[in-house]
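Undergrad: Just passing along the structure, written as structure tokens.
The values are calculated or read from the model by the stated rules, or taken from the named source; none is laboratory data. Keep in mind that this is a model prediction, so the values were computed, not measured. Glycine gets a Cβ as well: all are built from the backbone with ideal geometry, and neighbour counts include every protein chain shown. SASA here: full protein model, heavy atoms, side chains in, ligands and nucleic acids out. Shrake-Rupley method; radii C 1.70, N 1.55, O 1.52, S 1.80 Å.
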Amino acid sequence: MPNPFELRGKRVLVIGLARTGLATALFCAARGANVTATDARPESEIGEAIAPLRTAGVRLELGGHLEDTFLEQDLIVPSPGVPADAPLLQAARDKGVTIWSEVELADRFVRGRLIGITGSNGKTTTTSLVEHILKNAGFSTILAGNIGTPLIARVEQTSDDTICVVELSSFQLELIETFRPNISVFLNLTPDHLDRHHTLEAYARAKARIFENQTEADSAILNADDPATTPLAPAKPHLYWFSRKQRVAQGAFVRGNEIVFRHDGREEAVLSLKEIPLPGAHNVENVLAAVAATRLAGAEPAAIAKGVRSFAGVEHRLEFVAEIGGVRYYNDSKATNVDATLKALDAFPGRILIILGGKDKGSDYTALQKPLREKAILALLIGAAAEKIENQIAGSVAIERAGTIERAVEIASHAARPGDIVLLAPACASFDQFQNYEHRGRVFKDLVHQLERQAANTASGRG
């Protein structure tokens, strides 16, 4: 707890009542703060989730935001979905109100060590893998952050022996002040969230804040193969690298068919590439990053190898759903930007029917043309971005405007033949038609399982 913070008696405003906002409001109220929670949605849309807030004495302002409320606070904690440059936040900032992200507040109460992981792609897989390896190696671990459970909701479970493994988004990092991971991991940087950050440079600056408060006692891990992240390497923490393509001075790299960790001139083989259970070259990078982070956290090479081998992967990340009539269906709903979709396409040899589309984030889809031409046989477009995507990938692959995910799965099931891959890797956010990417992935899986049941019934003569 490097910067303890007294909440008792403080006026705290929490903006947004999804998972993070609810957890933050309850945390602050439990510590004696005078909490107001505000959400643009009316109570009828939020539902039963706000009942615990009322019980805890939280004041509610729903269906809109009042400027006076923003200006009379000691602390404002916006949910990650609230832009840091929103006019009401700027007005509060101009008046001297402190504005922190939830992870900044949580960090002042968390005990033990903290591993923070950020990057444009691979965060959730790498964060889950790091926690899995450490837990299986006997460490007391907590998995939190952008991965689903807010860090602030896990504060009470931390102790001096705990290692918190935290996935960090640019939205969380742009509003930190003293937040400091003992081990930071920056996986990669590709264009994403440009609708929010406006420029790649601003997005990169937000991500790079993960290093900002680290000291000489800490470690930072970066991707030596990614020219966008290497210039962001910090000066103070010990630097470690991971690479699929070159030997690194310190860190994890591929030599021949094995992953090697190098530290203080000593090299140790950790595991072979064929032991990695996850498909795709990008997952080799995720494993390399996890090897570096867990070795620095104190896990032994044999325990790391065992953890990697037993890792089942993460829901909605190149998740195998079913094989129906020789056609394999994969759910990569977490592919919410173009680079993630490129990595998904790269994970398979070819004959892919891909479902693309959703809410555009200011992306350039022309980068998909070459891999679609080489790997895909049909692109099924859904959601609000369909027209833009069609314009930018036209000529590279056969295109069908499906509109909805239900129709896309139906068309794919008729068009695919044995050996083909049906891949949901949308390259877009989900908020035009779904609550979030998890919701989109679950709907896709439900549709595939319906097809699976129909096929089974037909085969048994019941169809």
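Undergrad: Just to confirm a number: summing +1 for Lys and Arg and -1 for Asp and Glu over residues other than V103 whose beta-carbon lies under 14 angstrom from that of V103, what do you get? Show your work: numbers first, answer last.
TA: Details: positive: R19, R108, K123, R154, R180, K207, R209; negative: E102, E104, D107, E167, E174, E177, E212.
In short, 0.
Undergrad: Another one. Please list, in chain and number order, the residues 5+ apart from D218 or on another chain whose amide H is under 5 Å from its amide H, with Hs placed from the backbone.
TA: Under 5 Å from the amide H of D218 lie the amide H atoms of H238, each far enough along the sequence or on another chain.
Undergrad: Can you sort S413, S170, S310 by 1.4 Å-probe accessible area, starting with the largest?
TA: Sorted descending by solvent-accessible area, the residues read S310, S413, S170.
Undergrad: Further, regarding this structure: Once phi is turned into ³J(HN,Hα) by the Karplus curve 6.51 cos²θ - 1.76 cosθ + 1.60 with θ = phi - 60°, what whole-Hz value does each residue of region 61-66 show in order, with x for glycine and proline?
TA: Calculated HN-Hα couplings, in order: 10, 10, x, x, 10, 9 Hz.
Undergrad: With every protein chain in place, what's the accessible area of K361 (1.4 Å probe, Å², nearest 10)?
TA: Solvent-accessible area, nearest 10 Å²: 10 Å².
Undergrad: How many percent of the accessible area of the chain is carbon or sulfur, using a 1.4 Å probe?
TA: Carbon and sulfur: 48 percent of the exposed surface of the chain.
Undergrad: Let me ask something additional. Tabulate in residue order the Karplus-calculated ³J(HN,Hα) for region 359-373, using 6.51 cos²θ - 1.76 cosθ + 1.60 with θ = phi - 60°, rounded to whole Hz; enter x for Gly and Pro.
TA: So the J values, rounded to whole Hz, are 8, 5, 10, x, 8, 10, 8, 5, 5, 7, 4, 5, x, 5, 4.
Undergrad: In addition: Once amide H atoms are placed 1.01 Å from N in the peptide plane, what residues at a sequence separation of 5 or more from A33, or on another chain, have their amide H within under 5 Å of its amide H?
TA: It is G9, by chain and number.
Undergrad: For region 319-456, what is the accessible area per residue in Å², given a 1.4 Å probe and the full set of protein chains?
TA: Result: 40 Å² per residue.
Undergrad: Same structure again: Rounded to the nearest 10 Å², what accessible area does L60 have for a 1.4 Å probe in the complete protein model?
TA: About 40 Å², rounded to the nearest 10.
Undergrad: What accessible area per residue comes out for region 2-156, rounded to a whole number of Å², with a 1.4 Å probe?
TA: Per-residue value: 39 Å².
Undergrad: Another question, then. Once the piece of chain linking E406 and R8 is laid out straight, how much longer is it, given 0.36 nm per residue of separation minus the C-alpha distance between them? Numbers along the way, then the final one.
TA: Numbers: separation 398, 0.36 × 398 = 143.28 nm, distance 5.01 nm.
Here the segment from E406 to R8 would lengthen by 138.3 nm.
Undergrad: Follow-up question, since we're still on this one. Probe 1.4 Å, all protein chains in place: accessible area of E452 in Å², nearest 10?
TA: Taking all protein chains as shown, E452 has close to 70 Å².
Undergrad: Turning to a different aspect of this structure: So what are the ³J(HN,Hα) numbers for region 46-51, from phi and the Karplus equation (6.51, -1.76, 1.60; θ = phi - 60°), rounded to whole Hz, Gly and Pro as x?
TA: Karplus-based 3J(HN,Hα) across region 46-51 equals 7, x, 5, 4, 8, 4 Hz.
Undergrad: Net charge within 13 Å of R209 by Cβ-Cβ distance, Lys/Arg positive one each and Asp/Glu negative one each, not counting R209 itself?
TA: With Lys, Arg at +1 and Asp, Glu at -1, the net is -2.
Undergrad: Still on this model: Using only DSSP helix segments of four residues or longer, with each worth -39500 (n - 2.57), what per-residue ellipticity at 222 nm results for the chain after dividing by its residue count and rounding to 500?
TA: It lands at -9500 deg cm²/dmol.
Undergrad: Next question, about the same structure. Ordering R93, R442, R295 by how much accessible area each has at a 1.4 Å probe, largest first, what is the list?
TA: R442, R93, R295
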